[in-house]
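What follows is a structure written as C-alpha coordinates; I'll ask about it next.
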Amino acid sequence: MKILDIRVLGDPVLRKATIPVEKVTDEIRALISDMFDTMYAAEGIGLAAPQVGRTERIAVMDVEGQKFAFINPEIIEAEGSSRGEEGCLSIPDIFGDVTRSSRVIVRALNEKGEETQVEGTELLARCMQHEIDHLDGKLFIDYLSMLKRRSAMSKWEKIKDDYPNFIRKVAQETKGPHHSEGEL
Ligand code: K1U
Ligand code: ZN
(Lines give C-alpha, C1' and ligand atoms only; values in the text may rest on other atoms or scores of the structure.)
(Ligands and ions follow the chains in the order given, each with its own letter.)
Protein backbone atom coordinates (compact mmCIF):
# COMPACT_ATOMS: atom_id res chain seq x y z
CA MET A 1 0.00 0.00 0.00
CA LYS A 2 1.43 3.34 -1.02
CA ILE A 3 -0.17 6.69 -0.31
CA LEU A 4 1.04 9.34 -2.75
CA ASP A 5 1.23 13.07 -2.06
CA ILE A 6 -1.64 15.02 -3.62
CA ARG A 7 -0.77 18.14 -5.59
CA VAL A 8 -2.92 21.19 -4.85
CA LEU A 9 -4.06 24.25 -6.75
CA GLY A 10 -1.05 26.24 -7.99
CA ASP A 11 1.04 23.22 -8.93
CA PRO A 12 1.58 23.53 -12.71
CA VAL A 13 1.11 19.76 -13.16
CA LEU A 14 -2.64 20.25 -12.61
CA ARG A 15 -2.84 22.47 -15.68
CA LYS A 16 -0.88 20.25 -18.08
CA ALA A 17 -2.59 17.99 -20.60
CA THR A 18 -1.76 14.35 -19.98
CA ILE A 19 -0.01 11.90 -22.30
CA PRO A 20 -1.87 8.78 -23.51
CA VAL A 21 -0.53 5.48 -22.20
CA GLU A 22 0.96 3.40 -25.03
CA LYS A 23 1.13 0.05 -23.25
CA VAL A 24 -0.55 -1.13 -20.05
CA THR A 25 2.44 -2.49 -18.16
CA ASP A 26 2.96 -3.69 -14.58
CA GLU A 27 4.31 -0.19 -13.77
CA ILE A 28 1.03 1.33 -14.95
CA ARG A 29 -0.92 -1.21 -12.86
CA ALA A 30 1.24 -0.34 -9.81
CA LEU A 31 0.50 3.36 -10.34
CA ILE A 32 -3.23 2.58 -10.54
CA SER A 33 -3.04 0.58 -7.31
CA ASP A 34 -1.25 3.46 -5.54
CA MET A 35 -3.86 5.89 -6.91
CA PHE A 36 -6.70 3.79 -5.46
CA ASP A 37 -4.92 3.66 -2.08
CA THR A 38 -4.43 7.42 -2.16
CA MET A 39 -8.02 8.10 -3.22
CA TYR A 40 -9.42 5.96 -0.39
CA ALA A 41 -7.05 7.47 2.18
CA ALA A 42 -8.14 10.97 1.11
CA GLU A 43 -11.80 9.90 1.21
CA GLY A 44 -12.42 10.86 -2.39
CA ILE A 45 -14.58 9.20 -5.02
CA GLY A 46 -12.09 9.81 -7.83
CA LEU A 47 -8.46 10.69 -8.53
CA ALA A 48 -6.60 11.58 -11.72
CA ALA A 49 -2.88 11.07 -12.39
CA PRO A 50 -1.94 14.82 -12.42
CA GLN A 51 -3.25 15.05 -8.86
CA VAL A 52 -0.38 12.80 -7.80
CA GLY A 53 2.13 14.61 -10.01
CA ARG A 54 1.96 12.22 -12.96
CA THR A 55 1.39 12.94 -16.63
CA GLU A 56 -0.16 9.64 -17.76
CA ARG A 57 -3.77 9.77 -18.99
CA ILE A 58 -5.15 7.67 -16.12
CA ALA A 59 -7.98 8.15 -13.61
CA VAL A 60 -9.51 5.96 -10.93
CA MET A 61 -12.89 6.20 -9.25
CA ASP A 62 -15.16 4.42 -6.83
CA VAL A 63 -18.64 5.88 -6.86
CA GLU A 64 -21.08 4.09 -4.58
CA GLY A 65 -19.23 0.79 -5.06
CA GLN A 66 -18.81 1.17 -8.83
CA LYS A 67 -15.03 1.00 -9.13
CA PHE A 68 -13.14 1.81 -12.32
CA ALA A 69 -9.59 2.41 -13.51
CA PHE A 70 -9.67 4.32 -16.77
CA ILE A 71 -6.63 4.44 -19.06
CA ASN A 72 -6.82 6.92 -21.96
CA PRO A 73 -10.49 7.71 -21.25
CA GLU A 74 -12.59 9.73 -23.69
CA ILE A 75 -16.22 10.81 -23.48
CA ILE A 76 -17.88 9.40 -26.58
CA GLU A 77 -21.48 10.34 -25.79
CA ALA A 78 -22.99 13.03 -23.56
CA GLU A 79 -26.53 14.21 -23.06
CA GLY A 80 -28.71 16.19 -20.69
CA SER A 81 -27.70 18.68 -18.09
CA SER A 82 -27.47 18.53 -14.34
CA ARG A 83 -26.23 20.98 -11.73
CA GLY A 84 -24.59 19.71 -8.56
CA GLU A 85 -21.97 20.44 -5.94
CA GLU A 86 -18.37 19.40 -6.48
CA GLY A 87 -15.24 19.34 -4.41
CA CYS A 88 -11.71 18.43 -5.41
CA LEU A 89 -8.97 16.63 -3.52
CA SER A 90 -6.56 19.18 -5.05
CA ILE A 91 -8.56 22.17 -3.74
CA PRO A 92 -9.40 21.08 -0.20
CA ASP A 93 -12.34 22.75 1.58
CA ILE A 94 -13.58 24.59 -1.52
CA PHE A 95 -16.90 23.58 -3.04
CA GLY A 96 -19.05 24.88 -5.86
CA ASP A 97 -21.99 24.03 -8.10
CA VAL A 98 -21.13 22.90 -11.61
CA THR A 99 -23.42 22.13 -14.56
CA ARG A 100 -22.41 18.92 -16.31
CA SER A 101 -23.93 16.43 -18.75
CA SER A 102 -26.34 14.19 -16.86
CA ARG A 103 -25.43 11.03 -18.79
CA VAL A 104 -22.12 10.17 -20.41
CA ILE A 105 -20.48 7.16 -22.01
CA VAL A 106 -16.74 6.86 -21.50
CA ARG A 107 -14.50 4.69 -23.66
CA ALA A 108 -11.18 3.67 -22.07
CA LEU A 109 -8.74 0.85 -21.59
CA ASN A 110 -8.98 -1.13 -18.36
CA GLU A 111 -6.08 -2.44 -16.26
CA LYS A 112 -5.80 -5.47 -18.56
CA GLY A 113 -5.40 -3.20 -21.59
CA GLU A 114 -8.87 -4.12 -22.92
CA GLU A 115 -11.17 -1.51 -24.43
CA THR A 116 -14.25 -0.86 -22.27
CA GLN A 117 -17.24 1.45 -22.35
CA VAL A 118 -18.94 2.67 -19.18
CA GLU A 119 -22.23 4.52 -19.07
CA GLY A 120 -22.80 6.78 -16.10
CA THR A 121 -25.59 8.97 -14.77
CA GLU A 122 -25.93 11.12 -11.66
CA LEU A 123 -22.81 11.13 -9.44
CA LEU A 124 -20.90 8.63 -11.60
CA ALA A 125 -21.42 10.82 -14.69
CA ARG A 126 -20.30 13.89 -12.73
CA CYS A 127 -17.24 12.12 -11.36
CA MET A 128 -16.20 10.78 -14.79
CA GLN A 129 -16.42 14.29 -16.27
CA HIS A 130 -14.53 15.81 -13.30
CA GLU A 131 -11.73 13.24 -13.65
CA ILE A 132 -11.46 13.53 -17.44
CA ASP A 133 -11.29 17.30 -17.01
CA HIS A 134 -8.27 16.76 -14.73
CA LEU A 135 -6.63 14.80 -17.57
CA ASP A 136 -7.16 17.83 -19.83
CA GLY A 137 -5.77 20.31 -17.28
CA LYS A 138 -9.19 21.61 -16.24
CA LEU A 139 -10.51 22.12 -12.71
CA PHE A 140 -14.08 22.52 -11.46
CA ILE A 141 -13.40 26.11 -10.37
CA ASP A 142 -12.99 27.00 -14.08
CA TYR A 143 -16.76 26.59 -14.43
CA LEU A 144 -17.74 28.89 -11.55
CA SER A 145 -19.17 32.33 -12.22
CA MET A 146 -16.68 35.19 -11.85
CA LEU A 147 -18.19 36.10 -8.48
CA LYS A 148 -18.16 32.55 -7.09
CA ARG A 149 -14.66 31.92 -8.43
CA ARG A 150 -13.40 35.11 -6.76
CA SER A 151 -14.94 34.06 -3.48
CA ALA A 152 -13.45 30.55 -3.80
CA MET A 153 -10.03 32.03 -4.59
CA SER A 154 -10.14 34.39 -1.64
CA LYS A 155 -10.94 31.43 0.66
CA TRP A 156 -8.10 29.46 -0.97
CA GLU A 157 -5.62 32.33 -0.40
CA LYS A 158 -6.28 31.96 3.33
CA ILE A 159 -5.65 28.21 3.45
CA LYS A 160 -3.13 27.53 0.71
CA ASP A 161 -0.13 27.95 3.05
CA ASP A 162 -1.27 24.76 4.78
CA TYR A 163 0.14 23.03 1.65
CA PRO A 164 3.83 24.00 1.28
CA ASN A 165 5.24 23.36 -2.22
CA PHE A 166 1.67 22.61 -3.38
CA ILE A 167 1.75 19.26 -1.58
CA ARG A 168 -1.06 17.77 0.47
CA LYS A 169 0.09 14.91 2.69
CA VAL A 170 -2.60 12.30 3.20
CA ALA A 171 -2.60 10.19 6.32
CA GLN A 172 -2.93 6.45 5.89
CA GLU A 173 -6.32 5.14 6.94
CA THR A 174 -6.58 2.36 9.50
CA LYS A 175 -9.53 0.81 7.68
CA GLY A 176 -11.02 1.06 4.22
CA PRO A 177 -12.40 -0.86 1.24
CA HIS A 178 -9.08 -2.59 0.54
CA HIS A 179 -8.52 -4.09 3.92
CA SER A 180 -9.25 -7.76 4.28
CA GLU A 181 -9.98 -9.58 7.53
CA GLY A 182 -7.00 -9.57 9.86
CA GLU A 183 -5.07 -6.93 7.93
CA LEU A 184 -4.01 -3.88 9.91
O1 K1U B 1 -10.82 14.35 -8.54
C2 K1U B 1 -11.02 14.69 -7.38
O3 K1U B 1 -10.57 15.73 -6.94
C4 K1U B 1 -11.86 13.82 -6.51
C5 K1U B 1 -13.23 14.43 -6.24
C6 K1U B 1 -14.19 13.90 -7.27
C7 K1U B 1 -15.55 14.50 -7.31
C8 K1U B 1 -16.23 14.97 -6.20
C9 K1U B 1 -17.50 15.49 -6.32
C10 K1U B 1 -18.11 15.52 -7.51
C11 K1U B 1 -17.44 15.06 -8.61
C12 K1U B 1 -16.17 14.55 -8.50
C13 K1U B 1 -13.64 14.01 -4.84
O14 K1U B 1 -13.81 12.88 -4.55
S15 K1U B 1 -13.76 15.24 -3.69
C16 K1U B 1 -14.51 14.42 -2.28
C17 K1U B 1 -15.93 14.74 -2.33
O18 K1U B 1 -16.20 15.91 -2.40
C19 K1U B 1 -17.01 13.76 -2.36
C20 K1U B 1 -16.93 12.59 -1.69
C21 K1U B 1 -18.01 11.72 -1.71
C22 K1U B 1 -19.16 12.02 -2.42
C23 K1U B 1 -19.22 13.22 -3.11
C24 K1U B 1 -18.15 14.10 -3.06
ZN1 ZN C 1 -10.62 17.11 -8.62
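What are the residues in segment 88-115 that are among the hydroxyl-bearing types (Ser, Thr, Tyr), touching a residue at least 24 places away in the same chain (Cβ under 8 Å) and buried (at least 16 other Cβ atoms within 10 Å of the Cβ), if any?
Listed by number, the residues that qualify are Ser90, Ser101.
Residues of segment 130-141 being surrounded by 23 or more Cβ atoms within 10 Å (Cβ to Cβ) and more than 10 Å from ligand 2 (Cβ to nearest atom), which ones?
Result: Leu135, single match.
Restricting the first residue to segment 119-131 and requiring it to be touching a residue at least 12 places away in the same chain (Cβ under 8 Å), which pairs with a second residue that is in a helix (DSSP H, G or I) meet a Cβ separation below 7 Å and a spacing of at least six or different chains?
Going by the 7 Å Cβ cut-off, the qualifying pairs are Gly120/Met128; His130/Phe140.
How about segment 1-87: which strands (runs of 3 or more DSSP E) wholly inside it have at least 3 residues that are over 21 Å from Ala108 (Cα atoms), open to solvent by 10 Å² or more (accessible area, probe 1.4 Å) and not hydrophobic (A, V, I, L, M, F, W, C)?
Qualifying strands (runs of 3 or more DSSP E): 82-86.
The values are calculated or read from the model by the stated rules, or taken from the named source; none is laboratory data. Values in this document were obtained by computation on a predicted structure and should not be read as measured data. For neighbour counting, all protein chains shown are included, and Cβ atoms are generated from backbone atoms with ideal geometry for every residue, glycine included. Quick note on the areas: whole protein, heavy atoms, side chains included, nothing else; ligands and nucleic acids left out. Shrake-Rupley method; radii C 1.70, N 1.55, O 1.52, S 1.80 Å.
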